[in-house]
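The structure under discussion appears below in the form of structure tokens.
The values are calculated or read from the model by the stated rules, or taken from the named source; none is laboratory data. Please read all numbers here as calculations on a predicted model, not as lab measurements. Please note: Cβ atoms are built from the backbone with ideal geometry, for glycine as well, and neighbour counts cover all protein chains shown. Side chains included, ligands, DNA and RNA excluded: accessible areas come from the protein's heavy atoms. Shrake-Rupley method; radii C 1.70, N 1.55, O 1.52, S 1.80 Å.
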Amino acid sequence: MRLRIKDGQYPAFTSLCIAAALLLFVTGCSTSQWPSFSLFDNSESSRGSGSSFAGGNDSNAIGSGVSSGAQWLTSLEEAREISKATGKPILAEFTGSDWCSYCIKLHDEVFAQPEFERWAAEKYVLLQLDYPQRTSQPQELKDQNDSLKRQYNISSFPTVLLLDVEGSVIGRAGYVSGGPSAWIAEVESTTR
């Protein structure tokens, strides 16, 4: 079936496209979230530290738009402060939240699941280091994330590092199929 635009219909079509783009801009909905119609995820105004997954202050998520109740920070400094205060190691996720298919799968299949959220809340300070291609970030956040990518020699996404209070790597993981139980078992087996 072909879509044919007749004379006089083009302005209406253009207006519709502009309205849709404006709606997406205002709500912060990325194209990866369209199927779920989960508006307000990844909103630029809610990005920052002290946040849930994907860096926002609201319940943000990547992938299918399923919100994650796990509290993800975006500031290494804040994660270190909490790690020192609680004695919990840092679980640092290096992700491409708006383009990396396995990052999105890891979030949807593991990080957005209650089993992971309970496990992580007991054991880790969560830090998301995002390298999006379509979502803008503050320059300070980009600089921090690029520096950490170099420091830890990250060459693929997703990469999850478990860091002790001093920032030394005590474990490493990536995407593991099988949901939260399989992923948690993998992470626990790689922790030295």
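Annotation note: GluC sites (Glu not before Pro) in segment 92-179 located in DSSP loop regions with a Cβ neighbour count of at most 10 within 10 Å are E166.
Please report, as a whole percent, how much of the solvent-accessible surface of segment 91-175 comes from carbon and sulfur atoms (probe radius 1.4 Å).
On the way: 1730 of 3800 Å².
Carbon with sulfur: 46 percent of the solvent-accessible area.
Keeping all protein chains in place, calculate the accessible area per residue for segment 138-192 (probe 1.4 angstrom), answer in Å². Display every interim value, and only then the final one.
Details: 2960 Å² over 55 residues.
On a per-residue basis, segment 138-192 sits at 54 Å².
Loop-located trypsin sites (Lys or Arg not before Pro) in segment 98-147 (DSSP state not H, G, I, E or B) with no more than 13 neighbouring Cβ atoms inside 10 Å: R134.
Rounded to the nearest 5, what is the percent of antiparallel bridges among the DSSP beta bridges in segment 85-192?
Numbers: 9 of 15 bridges.
Roughly 60 percent of the beta bridges in segment 85-192 run antiparallel, per DSSP.
Within a straight-line Cα-Cα reach of under 28 Å, K105 can be paired with the following lysines, leaving aside sequence neighbours fewer than 8 residues apart in one chain: K88, K123, K142, K149. For T86 and S147, the difference between the fully extended length at 0.36 nm per residue and the C-alpha to C-alpha distance is 19.4 nm.
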